[in-house]
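Participant: Please see the structure below; I have some questions.
The values are calculated or read from the model by the stated rules, or taken from the named source; none is laboratory data. As the structure is a prediction and not an experimental result, all values here were calculated from the model. A quick note on method: Cβ atoms are made from the backbone with ideal geometry, for glycine too, and the neighbour counts reach across all protein chains shown.
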Amino acid sequence: MAKGNNSEYKKMIDKQYSDLMKHCQVQMEKVEKDLPEPKEDFQAVLKEHGVSRRDFIKWTSAMTAALMLPPIFRPMVAKAAENFSRLPVVWLHFAECTGCSEAFLRSSYPNVDDILLDTISLEYHETLMAASGYQAEQNLEKAIKDFAGKFICVIEGALPRGLNGKYLTLGPKGKTGIQVAKEVTSKAAAVVCIGACSCYGNIQAAKPNPTDAVGISKALGISTVNIAGCPPNSVNFTGTLLHYLMFGSLPPLDSLGRPVWAYGKRIHDYCERRPHYDASEFVEEWGDKGALKGWCLYKMGCKGPYTYANCAKVRFNDGISWPIMGGHGCIGCTEPGFWDTMAPLEKPLDEKTYGGGEKTVDKIGIVLTGAAVAGIAVHAVASGVRHSGGKK
Ligand code: SF4
């Protein structure tokens, strides 16, 4: 449909969103019918944490926009949040530092996303549960049996493949991480990788990678949703699960398995120092005049032009700050292999490999705009297909 014919185009968009809304309503009814009762009254939990109704409404508006949905979906986002604790989750830990769990669950000033994570129905989480040894193993077996095909398998940590996987053994029977991961993921409704370790291997996979560690998708040959970052932002995780509750499907992903709504644009596109980049005002040395004035960190090795993530938009610690705001350039932690290629370099990337920052900035900008538009289009088309009973 040509955009030129405005009223026809508007009708078509309205129809798509109305179909998507119907699909969402049916899906939410299914969630309420098929999944266990919420373990906690979410509104009461919000009140306990001092989050007012007004703050919650503000959060639902922000989350609706972040998920690339029009405002009519705000009540559905609120409903999905209230039903968040119905979703059974089995959370596995492999080769990692548990920093992602720590970052998500130990917020000093929890926002609505952090509170949602507090209420999540964790059927199994090695760091948080009291059980250990055989009892822990039984808990895991019971969870994957009781919720087969319905639970979300969340994975933190890479899988070492060396020595037949024996660099990582777990539990009283000494199973390898690869064995446990295969058993659990084969029964899950979806596999969500939290953090750069489970997404791509991260520091464990950095050269020389003695244990042959890799991300989950590569180790098992399965598709995963990759909430990349070291650590990632809790908003990107909760938003992805809210989308799953609302539509019964995962959001559109980019070629690296990252949700487009959260990773569709570069750090450089949202960065508050961008006007300085455009005006060629750069920090040339730590502590210089430019550093004091908050100029662009590109020449100090900021990898924002090469890194796809929404850190500048959603920030960390209840939206207070993020690394570039704090004065350090982006290290590229949402990109594969960033320890080997980006993080240690306090200078722009090699021009031969990456085409030079400025050139790359322009090139990536064009690709990115295409990717973001494609993401929105995929969302609408996928929704249309689902509604018409087509194959997802
Ligand atoms: S290079 Fe880094 S600091 Fe400069 S505008 Fe881009 S993201 Fe921001």
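Participant: Restricted to segment 291-314, and to residues that are in contact (Cβ under 8 Å) with a residue 40 or more places away in the chain and either part of a loop (DSSP other than H, G, I, E, B) or farther than 29 Å from Asp113 by Cβ (or both), which residue is farthest from the ligand (Cβ to nearest atom)?
Facilitator: Here is the first cut: in segment 291-314, the residues in contact (Cβ under 8 Å) with a residue 40 or more places away in the chain are 298-301, 303, 305-314.
After this cut, where a residue has to be either part of a loop (DSSP other than H, G, I, E, B) or farther than 29 Å from Asp113 by Cβ (or both) as well, the list is 298-301, 303, 307, 309-310.
Details: Tyr298: 4, Lys299: 9, Met300: 8, Gly301: 9, Lys303: 7, Thr307: 8, Ala309: 11, Asn310: 12 Å.
The selected residue is Asn310.
Participant: Additional query: Search segment 215-237 for residues that are assigned by TED's automatic domain parsing to the domain that holds Met68 and β-branched (Val, Ile, Thr) and pair each with any residue that is surrounded by fewer than 24 Cβ atoms within 10 Å (Cβ to Cβ) and not in a helix (DSSP H, G or I) when their beta-carbon atoms are under 7 Å apart and the residues are at least 6 apart or on different chains.
Facilitator: Ile216/Thr224; Thr224/Gly257; Val225/Ala190; Val225/Leu250; Val225/Leu253; Val225/Gly257
Participant: Continuing with the same structure: Of the residues that sit in segment 258-276 and are assigned to a helix (DSSP H, G or I) and surrounded by fewer than 22 Cβ atoms within 10 Å (Cβ to Cβ), which one is nearest to the ligand (Cβ to nearest atom)? Please lay out each step first, then the result.
Facilitator: Of the residues in segment 258-276, the ones assigned to a helix (DSSP H, G or I) are 260-263, 267-270, 274-276.
Adding the requirement that they be surrounded by fewer than 22 Cβ atoms within 10 Å (Cβ to Cβ) leaves 260, 269-270, 274-276.
Details: Val260: 20, Asp269: 8, Tyr270: 8, Arg274: 4, Pro275: 8, His276: 7 Å.
My answer is Arg274.
Participant: Ok, one more. Only residues in segment 146-172 that are in the same structural domain as Cys193 (by TED's automatic domain parsing) and on the phi > 0 side of the Ramachandran plot count as the first member; pair them with residues that are part of a strand (DSSP E or B) and hydroxyl-bearing (Ser, Thr, Tyr), Cβ under 6 angstrom, at least 6 apart or cross-chain, and list the lot.
Facilitator: Short answer, once both residue conditions are applied: Gly165/Thr176.
Participant: Another question, then. Only one of these is within 14 Å of the ligand (Cβ to nearest atom) and either assigned by TED's automatic domain parsing to the domain that holds Cys100 or among the hydroxyl-bearing types (Ser, Thr, Tyr) (or both): Thr334, Thr341. Name it. Give the derivation first.
Facilitator: Working: Thr341 fails: within 14 Å of the ligand (Cβ to nearest atom).
Only one candidate qualifies: Thr334.
Participant: A further question on this structure: Filtering segment 119-139 down to residues that are in a helix (DSSP H, G or I) and closer than 22 Å to Pro36 by Cα, which residue is nearest to the chain's Cα centre (by Cα)?
Facilitator: Of all residues in segment 119-139, those in a helix (DSSP H, G or I) come to 119, 133-139.
In the following step, the residues that additionally are closer than 22 Å to Pro36 by Cα were identified as 119, 136, 138-139.
Working: Thr119: 18, Ala136: 27, Gln138: 29, Asn139: 27 Å.
It comes out as Thr119.
Participant: Checking the conditions here, which among Pro232, Pro252 is more than 16 Å from the ligand (Cβ to nearest atom) and under 10 Å from the mean Cα position of the chain (by Cα)?
Facilitator: Details: Pro252 fails: under 10 Å from the mean Cα position of the chain (by Cα).
So the residue among Pro232, Pro252 that is more than 16 Å from the ligand (Cβ to nearest atom) and under 10 Å from the mean Cα position of the chain (by Cα) is Pro232.
Participant: If you don't mind, another one. What do you reckon, is Glu29 acidic (Asp, Glu), under 30 Å from Tyr167 (Cα atoms) and either out of contact with any Cys (no Cβ under 8 Å at 6 or more places or on another chain) or assigned by TED's automatic domain parsing to the domain that holds Val154 (or both)?
Facilitator: Numbers: acidic (Asp, Glu): yes; under 30 Å from Tyr167 (Cα atoms): no; either out of contact with any Cys (no Cβ under 8 Å at 6 or more places or on another chain) or assigned by TED's automatic domain parsing to the domain that holds Val154 (or both): yes.
For Glu29, the condition - acidic (Asp, Glu), under 30 Å from Tyr167 (Cα atoms) and either out of contact with any Cys (no Cβ under 8 Å at 6 or more places or on another chain) or assigned by TED's automatic domain parsing to the domain that holds Val154 (or both) - is not met.
Participant: Something else: Filter segment 140-175 down to the residues that are surrounded by 17 or more Cβ atoms within 10 Å (Cβ to Cβ) and in a helix (DSSP H, G or I), then identify the one that is modelled with the highest pLDDT. Before you say what the answer is, go through the steps one by one.
Facilitator: The initial filter retains those residues of segment 140-175 that are surrounded by 17 or more Cβ atoms within 10 Å (Cβ to Cβ), namely 140, 143-144, 147, 151-161, 165, 167-168, 170, 175.
Now narrow it down to the ones that are in a helix (DSSP H, G or I): 140, 143-144, 165.
Numbers: Leu140: 91, Ala143: 91, Ile144: 94, Gly165: 97.
Checked segment 140-175; the qualifying residue modelled with the highest pLDDT is Gly165.
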